[in-house]
Structures are given as C-alpha cells and as structure tokens.
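Here is the structure we will look at, set down as structure tokens.
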Amino acid sequence: MTLDPGARANRAPARPDKKFHCIGSFEPELGGFLEDVTLAYETWGELNPSGENAVLVVHALTGDSHCTGGPSEAYKRGGWWDTMVGPGRTIDTDEYFVVCSNVLGGCSGSTGPASINPKTGRPYGMRFPIVTIRDMVRAQKRLLDYLGVRRLRVVIGGSIGGQQALEWAVEYPHFVEKAVPIAANGALGPRGLGMSEIGRRAIMADPLWRGGDYYGEEKGPETGLAIARMAGMLTYQSAAGQWERFGREPASRPALYEEFGGRFEIESYLHYQGKDLTGRFDANSYLYITRAMDLYDVGLGYASQEEAYGRIEGELLFVGISSDWLFPAAEVRMAARQARAAGAEAYYEEIESLNGHDSFLKDFDELRAAVEPFLGG
C-alpha cells in the first residue's frame, strides 16, 4: 500500500490517478524559503492545442485534489464536488481540462509542515514558513505552466477556495477569463477570525501537540484537532438549519466520549465530525491553512482593495449564501459592488438555503442555478 508523501494524518491509500509535480524552490511572500516544493494534483478531460480550455477547481479548508469521482477505498464519499465536475456536468470534463491541486501547506501530498525538510531530514513542523493565499495561487500557477495551460477559462472554489479564485483574478489578470469566488470575499471578518483562533488554540493547548513536533510519536494532538473541527463546524451552519436538523433532540449515535449529564444530537454530531478529521488531516496543516485564510486581504500589497479589484480583466461572479455565518451574504455582495466600482466586470448571485456556509457542498441544484448561466455566457 502506497501512502501519500508528507501527510502523517492521511492513512488512506494514495489514488493511482493522483499525480505529483515538483515546482522547485519557493519563497513565501512573508519570508522564509522552501528548497523543494511538490504539489499533488489530479486532472480530468483533455487540454486543447491552444492550452486555453482549462478550469481550475480550488478546494476548501480540509479538502484536497480529489474534487470528482465515485466512492473508493481512498475516498469513501467520492469526490467532494462530484455532482458539479464530470462529463455533461456543470464543469464539463468533455469540454474542459479540469485541474485540482492540494494547496501549498496541505497534508494530502503537497508540501506542508508534515513534509521532510531536506536540510534537516526531519519534518518541518512549525519551522514551516507562514504561507498566504497569494503563495498558494503562485504555486498553482507554476503547476499550470508545467501542464501547458496558457489561459484559465474558469477558476472556481468555495470558502478559502473562493479566496484563491479571487486572488487568481487579481494576481494574474491576463491569465483568467472568469473567476467564481463562492462564499468568500476580499477579507474575512472579525467573527470568522475569532473562531479560527479558537480552533488553533485548541490544537496548540493539546499536550500532545509538542510545539508542532509530534511526527513519529504514537499519538499527536488529536483531541485539539477534533475540538478545532467542532468549533469550525459551527461556523459552517446556520442557526435555523441547526434547529431544523438537530433541535434539542437527544443523541442517537453511540457515545465517543464519557458522558456528562447525557448528550444532545448536536453534540454527538460534532464529536463524530471532530474524530473523522483526525483520521485524515494534519493538525499543523490546519494551523497554517486557517492562518492563510485569516491573513488574506485582497488589497494587501496595493494602495487599497479598490486598486486590487481594478487590476481584474476577466469576468467575476461572487456567490453569496443567504444563511452564511462565516462569510455573510451582505459582505460578499459588498465585495461585488467594490469590484464593479473599481471597473471590474463583476456580478453577484445568492443561494437561498438554511445550510449556511456549507451550502456550496450541499445545495447543488441551487449552486448550479447560480453559476451555470455565468459559466456558459
């Protein structure tokens, strides 16, 4: 059984269709140096002779390169956007050459804190440099250059993937024809920043975190990571959706932890979500990727956000979600207005759903209705 390199937490077998490309040395924008960076990626469809029929799909926080495909040993639930990507689907692999890569700093085959530092022969741990959304995008650009992509027809993603889609349009305006940031805007607000920090502190307070040097130990900071995931899951849902799904019903699943005065269904759900993540994700990657999400400001490095938006040459579709707690629809709508005011050809669509931030991974009929006219126009 071959395991994905550099991913302590990912015990699943590597998929035979997952590929790895070394993009060489890399200097993150906030400092540091990575001698040898690898990105894990998957592709579907064929690149046309002009190299201009490519679509880049960008994953969310704990996602990876496997955006489409049926259930398998490695991916029991299949690809995370399987209903959106494939032959005859919204992102049609009969028409487009689709690329999805695991982000820089990730733990599903791309170089991240669990990877071996060639200078020391040991995992980077917290010696891994801080990476940003712009770093992730610049690394992806090197991968696309290697694949022969000369222009992106579309770059699309939700949440932190939406931040990357937006940054692609700003950083490489000549390269991007259309960008679709879903459930994301130019900068995460204070409520989201605060919840991210709660999750990080849960990991770092776990005695088994060991300052980030838990690789090779029998156990890592699984408790801290599980709590971080529990806190994060609350930001992905709406209050109305939680009442509809869980209410105050008693737990129906077996207990994972010692009970304290009984359990509610919402508690049991969070316990299971937390435990599930510990089996497939690296705690240090969680720290780094959430920090990248927090640090993102589309105007960073420019005189203002308006100047950044003014760089965009392609079309831009912001998709908000009516019940989103993490990136409220009003703030996503405002980003579209700012982009238009700066001269960008920007549009806004809104998904009506009780599923909160997670709607882009659940409400596929509504998502298709929001993005298909834009993609096909």
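The values are calculated or read from the model by the stated rules, or taken from the named source; none is laboratory data. What you see is a predicted model; the values in this text were computed from it and never measured. Glycine gets a Cβ as well: all are built from the backbone with ideal geometry, and neighbour counts include every protein chain shown. Just so you know, the surface numbers come from the protein's heavy atoms only, side chains and all, with ligands and any DNA or RNA stripped out. Shrake-Rupley method; radii C 1.70, N 1.55, O 1.52, S 1.80 Å.
Quick look at the values:
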| quantity | calculated |
| --- | --- |
| Carbon plus sulfur fraction of accessible area for the chain, probe 1.4 Å, in percent | 51 percent |
| Accessible area (Å², per residue) of the chain, counting only protein heavy atoms and a probe of 1.4 Å | 41 Å² |
| Sites matching GluC sites (Glu not before Pro) across the stretch 241-317 that sit in DSSP coil, with at most 12 neighbouring C-beta atoms within 10 Å | Glu258, Glu259 |
| Rh by Kirkwood over Cα pairs, then Stokes-Einstein D for the chain at 1.567 mPa s and 4 °C, µm²/s | 62 µm²/s |
| FRET E, pair Tyr146, Phe33, Förster distance 30 Å, beta-carbon r, rounded to 0.05 | 0.90 |
| Positive-end residue of Gly320, Ile156, Ile23, charge dipole of the chain with Cβ unit charges | Ile23 |
| The chain: antiparallel DSSP beta bridges as a percent of all, rounded to 5 | 40 percent |
| Where no second cysteine Cβ lies under 4.7 Å, the cysteines concerned in the chain | Cys22, Cys107 |
| Rg in Å to one decimal, and Dmax rounded to a whole Å, for the stretch 241-325 via C-alpha atoms | 20.3, 58 |
| Euclidean distance of C-alpha centroids, the stretch 75-110 and the stretch 182-226, integer Å | 26 Å |
| Rounded FRET efficiency, nearest 0.05, which uses the C-beta distance separating Asp213 from Arg77 and R0 of 51 Å | 0.95 |
| Lysine pair number, Cα distance threshold 27 Å (strictly under), the chain, separation 8 or more or different chains | 19 |
| Cα-based shape type of the stretch 287-331, given that a ≥ b ≥ c are square roots of the gyration tensor eigenvalues and the cut on a/c is 1.5 | oblate |
| Neighbour-limited loop hits for chymotrypsin sites (Phe, Trp or Tyr not before Pro), the stretch 118-189 (at most 14 other Cβ within 10 Å; DSSP other than H, G, I, E, B) | none |
| Protection proxy ranking of 110-119, 39-48 - average other beta-carbon atoms within 10 Å, highest first | 110-119, 39-48 |
| Value of [θ]222 nm, deg cm²/dmol, for the chain, DSSP H segments ≥ 4, -39500 (n - 2.57) each, nearest 500 | -10000 deg cm²/dmol |
| Difference of contour (0.36 nm per residue) and Cα-Cα distance, Arg311 to Ser25 | 100.2 nm |
| Rounded FRET efficiency, nearest 0.05, which uses the C-beta distance separating Phe364 from Glu46 and R0 of 25 Å | 0.50 |
| Size of electric dipole in the chain: Cβ of Lys, Arg +1 and of Asp, Glu -1, about Cα centre, debye, nearest 20 | 800 debye |
